[in-house]
Ligand SMILES: Nc1ncnc2c1ncn2[C@@H]1O[C@H](COP(=O)(O)OP(=O)(O)O)[C@@H](O)[C@H]1O
Ligand SMILES: [Mg+2]
């Protein structure tokens, strides 16, 4: 019997003699790269609906930029005596907001039902959980895969904004970076929330109705925040969408804003993302039993 | 590494306990599993088998006790312990968004295995699991037995020397179960240490060199299937059915036949080393059961003896 624990197997199970590297090496790699391994898994399953992702990544900006940036813009710009808003055309004004909104929509999609599916419905997380990966690597891997999708979506969005002539400044591409970060600063707290849901009783439609939609309406997206009465302006101040949009405008058309405020935007967005990530990791660990 | 190859046991549990609040799902169990053995946890639903398996698999912490897998404590060296194992959970968790073969490859990546190894290995394991012709199929197009075989194939992707199987054949039809048993036999022959839970006594008899009988989180008995049967039962069992209402009444009149008697709602069991002559004794006494059957004693009888209940209610 003792010859068995060191012996290599030669029983026809592996006719080609393929040998995996030994367990300590597997554990070492998993400790170091585990999050990437799970991200790879999630990206492979995204390939299953890859065409939907590509189509919506192209279709959304085209439709929105046409409808709001050209359709609605013709009204706004005419009213403003062709001054647009704050000296830029309405298209230029609204484009960074639409970009950030698209990122939040992707985050809303990828950090809600798929998280529940991982724990409960399809139990996707439980496979890797029994492998050398840690529970927090599973959370981080999921996050990384969604970040890749965000980069893809925001990158395409930005290119189409350029085609529409909506980005006057050379620093405009930074607005796409801001949108990715903004997607995570909305998405990671949502991921943490989703990881705590035991029983799905329509929480995600509620998030859409009472969080995402008001954020879109009251975050200075389609009109400047200071045109709103003070009583609802605080919604914008709390909203990652407002911070992301304002910062995106600074980069895309040199929107005049004090530097300290831009710093606040960055700090606020990063802090939300980091807090969401930390809580998500804790909840994943607790829920997956380790 | 801390792996101590010279230890005889690949798994050793001492006073292992898991409590959920006041309730102890696993209550002070101890056992050792030497390399290459096929070791079973036999017990009814709710006995604590899966809870024990999750602790052994390093995915669930323990409340009390000590646990040693390949010389490592899973709570301190989780990734290292899990890297040694192949795990077949009670509930399949294949990714239905991925194709059959991709499920294996993705899983192998968790161990940092390169694609140059994983691609041919996946094909080899699909062959082993008799799923080669399904490699490109969607997982949800597979039957229950095929999913189970795919889960077993997946658990072998890292070439583990220890395989944890939690109720590998529950819910499968007899044909699918036999196919699966055959695959597990081959793994056993290959020297893989198998730890499996089941509530099927025939599965335990077929597959296990040694087993513990678990009920309500505790070990009721331990040994090889044949030694347990020898210790807790006679060689043969005479099963008599008198009809639901009359079994209990008849049991009273059967006292003295065989070595021991067990009256169940649907039948009376007479434990004896010679079933045929016990049956002659019964009919000689003028009793006429509706049906009678002499069979070899099984682990079911062991469980009944130990707990007074059937394994499957
Ligand atoms: N996470 C949990 N919280 C509370 N009780 C649990 C939990 N998991 C299992 N149990 C309880 O522990 C007992 C043993 O469960 P389990 O290990 O699944 O048994 P088996 O696998 O033998 O059917 C059951 O009574 C079950 O309800
Ligand atoms: Mg179980």
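Remarks
- Per-region count, the range B:47-66, residues closer than 27 Å to residue B:190 by Cα and within 14 Å of another protein chain (Cβ to nearest Cβ): 9
- Hey, residue B:113 assigned by TED's automatic domain parsing to the domain that holds residue B:16, surrounded by 22 or more Cβ atoms within 10 Å (Cβ to Cβ) and away from ligand 1 (no atom under 16 Å from the Cβ) or not: yes
- Restricting the range B:80-105 to residues that are within 16 Å of ligand 2 (Cβ to nearest atom) and surrounded by 22 or more Cβ atoms within 10 Å (Cβ to Cβ), the residue that is nearest to the other protein chains (Cβ to nearest Cβ): B:87
- Complete set of residues in the range B:138-169 that are touching a strand residue (DSSP E or B) at 6+ places or on another chain (Cβ under 7 Å) and part of a helix (DSSP H, G or I): B:151, B:152, B:155
A quick yes/no check of all residues on (1) away from ligand 2 (no atom under 16 Å from the Cβ); (2) at pLDDT below 90:
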{"residue": "B:165", "(1), (2)": "no, no"}
{"residue": "B:170", "(1), (2)": "no, yes"}
{"residue": "B:190", "(1), (2)": "yes, no"}
{"residue": "B:212", "(1), (2)": "no, no"}
{"residue": "B:222", "(1), (2)": "yes, no"}
{"residue": "B:225", "(1), (2)": "yes, no"}
{"residue": "B:228", "(1), (2)": "yes, no"}
{"residue": "B:232", "(1), (2)": "yes, no"}
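- Taking the range B:270-313 as the range and being assigned to a loop (DSSP other than H, G, I, E, B), at negative phi and free of Cβ contacts under 8 Å to residues at least 24 places away in the same chain as the test, only B:288 passes.
- Here residue B:41 fulfils each of the conditions (1) more than 14 Å from ligand 1 (Cβ to nearest atom); (2) closer than 28 Å to residue B:178 by Cα apart from (1).
- Check on residue B:172, in contact with a helix residue (DSSP H, G or I) (Cβ under 6 Å, 6 or more places away or on another chain) and free of Cβ contacts under 8 Å to residues at least 60 places away in the same chain: yes
- Positions within the range A:188-222 being closer than 21 Å to residue A:243 by Cα, surrounded by 13 or more Cβ atoms within 10 Å (Cβ to Cβ) and free of Cβ contacts under 8 Å to residues at least 60 places away in the same chain, in sequence order: A:211, A:214, A:217, A:218
Here is a yes/no grid of residues against (1) on the phi < 0 side of the Ramachandran plot; (2) part of a strand (DSSP E or B); (3) near ligand 1 (Cβ under 10 Å from one of its atoms); (4) not assigned by TED's automatic domain parsing to the domain that holds residue B:218:
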site	(1), (2), (3), (4)
B:14	yes, yes, no, no
B:17	yes, yes, no, no
B:47	yes, no, yes, no
B:51	yes, no, yes, no
B:67	yes, yes, no, no
B:75	yes, no, no, no
B:79	yes, no, no, no
B:82	yes, no, no, no
B:94	yes, no, no, no
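- Residue check, residue B:113 away from ligand 2 (no atom under 16 Å from the Cβ) and in a loop (DSSP other than H, G, I, E, B): yes
- Note on the range B:47-69: among residues that are touching a strand residue (DSSP E or B) at 6+ places or on another chain (Cβ under 6 Å) and away from ligand 2 (no atom under 16 Å from the Cβ), the one that is nearest to residue B:161 (Cα to Cα) is B:69.
- Verdict on residue B:44 being more than 7 Å from chain A (Cβ to nearest Cβ), within 16 Å of ligand 2 (Cβ to nearest atom) and in contact (Cβ under 8 Å) with a residue 24 or more places away in the chain: yes
- Conditions (1) over 12 Å from residue B:216 (Cα atoms); (2) within 16 Å of ligand 2 (Cβ to nearest atom); (3) without any contact (Cβ under 8 Å) to a residue 40 or more places away in the chain: number failed by residue B:22: (2)
- Pairs linking a residue in the range A:10-24 that is within 7 Å of chain B (Cβ to nearest Cβ) to a residue that is modelled with pLDDT under 85 and assigned to a loop (DSSP other than H, G, I, E, B), with Cβ atoms under 9 Å and 6 or more positions apart or on different chains, are A:19/A:8; A:23/B:1; A:23/B:3; A:24/B:1; A:24/B:3.
- Selection over the range B:204-250 of residues that are within 30 Å of residue B:26 (Cα to Cα) and assigned to a strand (DSSP E or B) gives a count of 12.
- Any chance residue B:180 is in contact (Cβ under 8 Å) with a residue 24 or more places away in the chain, under 15 Å from residue B:202 (Cβ atoms) and assigned to a loop (DSSP other than H, G, I, E, B): no
- Scanning the range B:170-226 for residues that are away from ligand 1 (no atom under 16 Å from the Cβ), on the phi > 0 side of the Ramachandran plot and touching a strand residue (DSSP E or B) at 6+ places or on another chain (Cβ under 6 Å) turns up nothing.
- Within the range A:261-290, being part of a helix (DSSP H, G or I) and within 14 Å of another protein chain (Cβ to nearest Cβ) holds for A:284, A:285, A:286, A:287.
- Residue among B:142, B:150, B:156 that is in contact (Cβ under 8 Å) with a residue 12 or more places away in the chain, closer than 27 Å to residue B:48 by Cβ and either in contact with a helix residue (DSSP H, G or I) (Cβ under 6 Å, 6 or more places away or on another chain) or more than 16 Å from ligand 2 (Cβ to nearest atom) (or both): B:156
- When A:93, A:111 are checked against the criterion of being touching a strand residue (DSSP E or B) at 6+ places or on another chain (Cβ under 6 Å) and modelled with pLDDT of 90 or more, a single residue qualifies: A:93.
- Residue A:263 being without any contact (Cβ under 8 Å) to a residue 40 or more places away in the chain and farther than 24 Å from residue A:154 by Cα: no
Listed here are the residues, each with its yes/no results for (1) more than 14 Å from every other protein chain (Cβ to nearest Cβ); (2) buried (at least 21 other Cβ atoms within 10 Å of the Cβ); (3) modelled with pLDDT under 95; (4) more than 21 Å from residue A:131 (Cα to Cα).
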site: B:107; (1), (2), (3), (4): no, yes, no, no
site: B:144; (1), (2), (3), (4): yes, no, yes, yes
site: B:179; (1), (2), (3), (4): yes, no, yes, yes
site: B:196; (1), (2), (3), (4): yes, yes, no, no
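The values are calculated or read from the model by the stated rules, or taken from the named source; none is laboratory data. This structure is a prediction, so every number in the text was calculated from the model and none was measured. Virtual Cβ from ideal backbone geometry, glycine too; neighbours counted across all protein chains shown.
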